[in-house]
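Readers should treat all values here as calculations from the given coordinates under stated rules, not as data from a laboratory. All of these numbers come straight from a predicted model, not from anything done at the bench. Ideal geometry is used to build each Cβ from the backbone, glycine not excepted, and the neighbour counts take in all protein chains shown.
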């Protein structure tokens, strides 16, 4: 059974207040603050955009695009959400655009073994099955549409609540729940061995 990752343990993600302070310095033109914010979010953004697009090179491009928006438009952050939610929302929109711009399906998912992908999803409590289970999860995730894949990533890898995900992807909470419902159903169909023939469909 898939287990949610506690976002408090996500490498580089500090308190929102610290992020706000960094962003305030970025808005003021502080390049050192921008470097710190970039370093803090590089790997989380890379993993997330890779999860949406399936291409490492595209994901790297996406990180730079996202952080350029942060540098140029940091003053547009209105404080209605956490800084990380705002940044991940930019990443989601950039990821979808990059995904749609990909020319062929064969160009996607060519770098599944890049270094940052090997951290969680936590798919098994048995170490001997972890690698096998991770491969099954990756196979199932690759079959999902990008909007469903993003919801799964944000839920299980980053520990976001449905309310936070709704802010990131800019849609109603019920839409997030619906996408998760269909994603779970599709993953169960693609990898029934992962779920032991059972699936929790509560949304």
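A crude spin-label estimate for the pair residue 21 and residue 35, with each label 7 Å from Cα along the Cβ direction, gives 1.9 nm. Note on residue 190 and residue 161: with the Förster distance fixed at 35 Å, the Cβ-Cβ geometry gives a FRET efficiency of about 0.85.
Order 40-46, 175-181 from most to least packed using the mean count of other Cβ atoms within 10 Å.
On the way: 40-46: 20.9, 175-181: 18.9.
The most tightly packed comes first, giving 40-46, 175-181.
The label point for residue 73 and the one for residue 178, both projected 7 Å from the Cα toward the Cβ, are 2.6 nm apart.
When you count, for each residue, the other Cβ atoms within 10 Å and take the mean per peptide, how do 24-32, 52-60 rank with the highest first?
On the way: 24-32: 14.1, 52-60: 21.0.
Per-residue mean Cβ counts within 10 Å order the peptides as 52-60, 24-32.
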